[in-house]
1. In segment 63-112, what residues are within 21 Å of Lys15 (Cβ to Cβ) and among the hydrophobic types (A, V, I, L, M, F, W, C)?
2. Would you pick out the residues in segment 13-23 that are without any contact (Cβ under 8 Å) to a residue 60 or more places away in the chain and either surrounded by fewer than 14 Cβ atoms within 10 Å (Cβ to Cβ) or over 18 Å from Gln94 (Cβ atoms) (or both)?
3. May I ask you to say which residue of Leu44, Leu82 is more than 26 Å from Gly103 (Cβ to Cβ) and touching a residue at least 12 places away in the same chain (Cβ under 8 Å)?
4. For segment 1-41, name all the residues that are of a type in the set (D, E, K, R), assigned to a helix (DSSP H, G or I) and under 21 Å from Trp105 (Cβ atoms).
5. Restricting attention to segment 46-63, does a residue exist that is part of a helix (DSSP H, G or I) and hydroxyl-bearing (Ser, Thr, Tyr)?
6. Taking Leu24 as the residue in question, decide whether it is touching a Gly at 6+ places or on another chain (Cβ under 6 Å), over 16 Å from Leu102 (Cβ atoms) and at pLDDT 95 or above.
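The values are calculated or read from the model by the stated rules, or taken from the named source; none is laboratory data. On a predicted model such as this, the values are computed, not experimentally measured, just so you know. A quick note on method: Cβ atoms are made from the backbone with ideal geometry, for glycine too, and the neighbour counts reach across all protein chains shown.
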Amino acid sequence: MSELPVIQKVYDLIKWYVPILNRLPQSHKFTLGERIINQLYDLLEGLVNARYSRNKLPLLEALNNKLDLLRYQTRLLHDFELISFKRYQYISEQINLVGTELGGWIKQQKNL
């Protein structure tokens, strides 16, 4: 069974983002960093669960909210000057790609 593109995108985002978050200063690593990591893992877990669920729409809409929160948390990292603008830009692009895929899946489910 091939992987859904949105699941692969989140998986790749976790692989790239978590090592950066683990290098945050201790004052942010165990607060904002940990929250972002948990959001990422929750997002991946939720997408996998939605893939096998009969009633996908409520799960996908909740994941869309998590993704929005992840955007704000990432912006805070940049505003606190904990990541460079270049990294912020890259992460934002990846989150937006996940959002596009997730939005398409939500739209498809609404049309069923």
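1. Just the residues of segment 63-112 that are within 21 Å of Lys15 (Cβ to Cβ), to begin with: 63, 66-67, 69-71, 73-74, 77-78, 82-84, 86-102.
Leu63, Leu67, Leu69, Leu70, Leu77, Leu82, Ile83, Ile91, Ile95, Leu97, Val98, Leu102 - these are the residues of segment 63-112 that are within 21 Å of Lys15 (Cβ to Cβ) and among the hydrophobic types (A, V, I, L, M, F, W, C).
2. Pass one, segment 13-23, residues without any contact (Cβ under 8 Å) to a residue 60 or more places away in the chain: 14-15, 18-19, 21-23.
Scanning segment 13-23 gives Lys15, Pro19, Asn22, Arg23.
3. Numbers: Leu44 fails: more than 26 Å from Gly103 (Cβ to Cβ).
Testing whether each residue is more than 26 Å from Gly103 (Cβ to Cβ) and touching a residue at least 12 places away in the same chain (Cβ under 8 Å) leaves just Leu82.
4. Taking segment 1-41 as the starting set, the residues that turn out to be of a type in the set (D, E, K, R) are 3, 9, 12, 15, 23, 29, 34-35.
Next, only the ones that are assigned to a helix (DSSP H, G or I) stay: 9, 12, 15, 29, 34-35.
Listed by number, the residues that qualify are Lys9, Asp12.
5. no
6. Values: touching a Gly at 6+ places or on another chain (Cβ under 6 Å): yes; over 16 Å from Leu102 (Cβ atoms): yes; at pLDDT 95 or above: yes.
So Leu24 fits the description; yes.
For every residue, the table says whether it meets (1) loosely packed, with under 13 Cβ neighbours inside 10 Å; (2) hydrophobic (A, V, I, L, M, F, W, C); (3) farther than 23 Å from Glu3 by Cα.
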{"site": "Gln39", "(1), (2), (3)": "no, no, no"}
{"site": "Val48", "(1), (2), (3)": "no, yes, no"}
{"site": "Leu63", "(1), (2), (3)": "no, yes, no"}
{"site": "Lys66", "(1), (2), (3)": "no, no, no"}
{"site": "Lys86", "(1), (2), (3)": "yes, no, yes"}
